[in-house]
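Single-structure report; data block below.
The values are calculated or read from the model by the stated rules, or taken from the named source; none is laboratory data. Predicted, not measured: the structure shown is a model, and the values here were computed from it. Heads up, the Cβs are rebuilt from the backbone with ideal geometry, glycines too, and the neighbour counts pull from every protein chain shown. Just the protein is used for accessible areas: all its heavy atoms, side chains included, with ligands, DNA and RNA removed. Shrake-Rupley method; radii C 1.70, N 1.55, O 1.52, S 1.80 Å.
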Amino acid sequence: MTTMDFATSSSSPSSVSSSARAGRTASRGTTIALFALSLPLNALGNVLTAVSSNRVAGEGAQASYLGAAFWTAAEYNFADVLPAWLNVGGVFNLQFWSFFLVGLAVIVVNQLLVGRVNWARILGNVIFLVPFSLLVGVFTDFFLGRYTPGWDGLPYAGSSIVMHVAYVLVNFVGVACIAIAISIYQRANIALHPADDLMQILRFKYCKGNAAVAMWLSYVPPALVAVVSIALLSVANGGLTVNFFGLGTVFAFLFQGGITGWADTHVFPSFKHQALDVGAVAA
């Protein structure tokens, strides 16, 4: 099978084989090291978007003008409708279960899009999903000051304009961290978060390599999760309840895919997509 370079941010060759594949050109050590770097970077970015949104909302509140990255916002809203008994303590909090359960559902969608059951791919998704979900729980607890003696978490912005501006920047940095991490571990292709596997399948199977368009299409599942969660929360609270959607969500929607494409050619630019397989490519 001819090895092809899929590292461009806008498009891949218009004429491709029926199964888009690229071989591995990087060493195993380099690939593993970059994957290990990208995993906590993604979890950190997700939590920064959510916590910054929380800290501008005010104590005891969650909804704010800032919001979180799109997937993060949907999954944190979903966490708010999960039963309290799932919060068994430690890192196995409601955020962990929300990210984990949504991830399992997306795994099923990915298999349908690829057109076959690929157990190695499923295992890779699960392998990624467990430590990622745990890291989300750990970073969330840390930045909110839970279980950390002498640390009360990031301060609330209150009425300080400087703090509000700072948290807007933190939120945008979080989105950038997510996008860069996605670029790195998609190229490593050892194991992928199901959401980013979905984006990669859409990107190279249906979107001719365009990262931004693929990212927008990949937002359909979290949009559905968000709509259902918000409806349930609103019924339970007796009024419209929307948490973690705001300015940061709009920023992520508009720019996260583009930043991922940019990172493909500017962050470790010699590191190309490894062993890419998205099934039969759409005409």
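Out of the residues in segment 72-112 that are assigned to a helix (DSSP H, G or I) and in contact with a Gly (Cβ under 7 Å, 6 or more places away or on another chain), which is surrounded by the fewest Cβ atoms within 10 Å (Cβ to Cβ)? First the steps, then the outcome.
Restricting attention to segment 72-112, the residues satisfying the condition of being assigned to a helix (DSSP H, G or I) are 72-79, 84-86, 94-112.
This time we only want the ones that are in contact with a Gly (Cβ under 7 Å, 6 or more places away or on another chain), so: 73, 95-96.
Working: A73: 28, Q95: 26, F96: 24.
Filtering first and then ranking leaves F96.
Here are some residues: G174, G209. Which one is on the phi < 0 side of the Ramachandran plot, in contact (Cβ under 8 Å) with a residue 24 or more places away in the chain and of a type outside the set (F, W, Y)?
Details: G209 fails: on the phi < 0 side of the Ramachandran plot.
Being on the phi < 0 side of the Ramachandran plot, in contact (Cβ under 8 Å) with a residue 24 or more places away in the chain and of a type outside the set (F, W, Y) holds for just one of G174, G209, which is G174.
Please state which one of D264, D197 is of a type in the set (D, E), closer than 20 Å to L41 by Cβ, open to solvent by less than 50 Å² (accessible area, probe 1.4 Å) and modelled with pLDDT under 90.
Details: D264 fails: modelled with pLDDT under 90.
Only one candidate qualifies: D197.
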- [ ] Name, by its number, the condition in (1) at pLDDT below 90; (2) under 15 Å from the mean Cα position of the chain (by Cα); (3) not in a loop (DSSP other than H, G, I, E, B) that does not hold for R203.
- [x] (2)
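Based on this model, can you work out whether G258 counts as of a type in the set (G, A, S) and surrounded by 24 or more Cβ atoms within 10 Å (Cβ to Cβ)?
Details: of a type in the set (G, A, S): yes; surrounded by 24 or more Cβ atoms within 10 Å (Cβ to Cβ): no.
The answer is no for G258.
Only residues that are over 16 Å from L217 (Cβ atoms) and either open to solvent by less than 10 Å² (accessible area, probe 1.4 Å) or not in a helix (DSSP H, G or I) (or both): list them for segment 180-192, please.
Here is the first cut: in segment 180-192, the ones over 16 Å from L217 (Cβ atoms) are 180-181, 183-185, 187-192.
A181, S183, I184, Y185, R187, A188, N189, I190, A191, L192, listed by residue number.
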- [ ] List every residue pair whose Cβ atoms sit under 7 Å apart, with the two residues 6 or more apart in sequence or on different chains, where the first one lies in segment 232-245 and is at positive phi and the second, anywhere, is in a helix (DSSP H, G or I) and open to solvent by 50 Å² or more (accessible area, probe 1.4 Å).
- [x] none
- [ ] Using the structure shown, decide if A120 is crowded, with 22+ Cβ neighbours inside 10 Å, modelled with pLDDT of 85 or more and among the small types (G, A, S).
- [x] no
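With respect to I127, is the statement that it is open to solvent by 30 Å² or more (accessible area, probe 1.4 Å) and either in contact with a strand residue (DSSP E or B) (Cβ under 9 Å, 6 or more places away or on another chain) or in a helix (DSSP H, G or I) (or both) true? Quick ask: steps written out before the conclusion?
Numbers: open to solvent by 30 Å² or more (accessible area, probe 1.4 Å): yes; either in contact with a strand residue (DSSP E or B) (Cβ under 9 Å, 6 or more places away or on another chain) or in a helix (DSSP H, G or I) (or both): yes.
So I127 passes the test.
Among the residues of segment 237-252, count how many are surrounded by fewer than 18 Cβ atoms within 10 Å (Cβ to Cβ) and either at pLDDT 90 or above or not β-branched (V, I, T) (or both).
Result for segment 237-252: 6.
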Task: Criterion (open to solvent by 10 Å² or more (accessible area, probe 1.4 Å), within 23 Å of S98 (Cα to Cα) and hydroxyl-bearing (S, T, Y)) met by exactly one of S218, S234 - done: S234
TODO: Any residue in segment 140-154 that's under 21 Å from S98 (Cα atoms) and open to solvent by less than 30 Å² (accessible area, probe 1.4 Å): show its pairings with residues that are modelled with pLDDT under 85 and of a type in the set (A, V, I, L, M, F, W, C) at Cβ separation under 6 Å, as long as the two are six or more apart or on different chains.
DONE: G145/W151
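Restricting attention to segment 41-61, and to residues there that are open to solvent by 40 Å² or more (accessible area, probe 1.4 Å) and within 20 Å of the chain's Cα centre (by Cα), which single residue is farthest from I180 (Cα to Cα)? Write out each step before concluding.
Kept after step one, since they are open to solvent by 40 Å² or more (accessible area, probe 1.4 Å), are these residues of segment 41-61: 41, 44, 59-60.
Adding the requirement that they be within 20 Å of the chain's Cα centre (by Cα) leaves 41, 44.
Values: L41: 8, L44: 12 Å.
The selected residue is L44.
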Open item on the list: Condition first: under 23 Å from the mean Cα position of the chain (by Cα) and open to solvent by 50 Å² or more (accessible area, probe 1.4 Å). Now tell me which residues in segment 155-169 satisfy that.
Closed with: L169
Task: Candidates P149, P155 - the one that is assigned to a loop (DSSP other than H, G, I, E, B), more than 22 Å from F251 (Cβ to Cβ) and modelled with pLDDT of 90 or more - done: P155
